[in-house]
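Notes for the one structure printed next.
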């Protein structure tokens, strides 16, 4: 899922990556909305709020929205910096540090956020951390999948889905239709799992509040361990077959 790069990546690798991490994004998205009343998986809306508050001369509020955008950007920058750094020596482990860092941040927000007053400065700090984590994830997924998969927001996905569905009426060659259907299936999978994450996150939030982010962290641990478990399974299978 993470280990295969470039031409070695297949549709299945991207599908596994997309479903697990879009599930995480959905959980984080709904948790941010319910706990912090803020979008924590993308920055599009924050630009509009920044412009509105700035023109209304509410500069403190305006620059808070600018800080939201900045922390998502820093997460993206940090993720790719770490990927490039590790890839020089151990390319098969380049995903390890960004995902581990994302797990630490989300679990940390779940733990400390449950003990803080989210209506004041602590709430802003939690929002900064969640946006940083989603910047980490979006950058890593984009890098690993060669810009095929994005998991933290749906605007581009619905745009691509609309384009590709319309192309089905015009593309007649078998190979073209096969590629289009694979892309459509991938987009739909991301959208569906993002929504599933939102529903699961909503239900979990009613029970455990901001600790819902523990669930997101657990899914990331599964994603992190998936390649290792799969490799070990095939190694055991080969040994058993040879015996």
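Summary of values
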| read-out | value |
| --- | --- |
| Failed item, numbered, when residue 133 is tested on (1) within 15 Å of residue 216 (Cβ to Cβ); (2) surrounded by 23 or more Cβ atoms within 10 Å (Cβ to Cβ); (3) modelled with pLDDT under 95 | (3) |
| All positions within region 74-130 that are at pLDDT below 90, assigned to a helix (DSSP H, G or I) and buried (at least 18 other Cβ atoms within 10 Å of the Cβ) | 113 |
| Residue check for residue 138: part of a loop (DSSP other than H, G, I, E, B) and more than 16 Å from residue 210 (Cβ to Cβ) | no |
| Test result for residue 164, farther than 19 Å from residue 106 by Cα, touching a helix residue (DSSP H, G or I) at 6+ places or on another chain (Cβ under 9 Å) and modelled with pLDDT of 90 or more | yes |
| Of residues in region 141-160 being part of a helix (DSSP H, G or I) and touching a residue at least 60 places away in the same chain (Cβ under 8 Å), the one surrounded by the fewest Cβ atoms within 10 Å (Cβ to Cβ) | 155 |
| Pair list, Cβ under 7 Å, 6 or more apart: region 28-41 residue over 15 Å from residue 195 (Cα atoms), other residue in a loop (DSSP other than H, G, I, E, B) and modelled with pLDDT under 90 | 35/118; 36/118 |
| Residue in region 168-179 that is assigned to a helix (DSSP H, G or I), surrounded by 14 or more Cβ atoms within 10 Å (Cβ to Cβ) and in contact (Cβ under 8 Å) with a residue 24 or more places away in the chain present | no |
| Selection within region 10-63 - modelled with pLDDT of 90 or more, part of a loop (DSSP other than H, G, I, E, B) and over 16 Å from the mean Cα position of the chain (by Cα) | 37, 38, 56, 57, 58 |
| Which listed residue is under 19 Å from residue 106 (Cα atoms) and surrounded by fewer than 19 Cβ atoms within 10 Å (Cβ to Cβ), from 229, 192, 196, 184 | 196 |
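The values are calculated or read from the model by the stated rules, or taken from the named source; none is laboratory data. Model, not experiment: these values are computed from the prediction. As a convention, Cβ positions derive from the backbone with ideal geometry for all residues, glycine included, and neighbour counts pool all protein chains shown.
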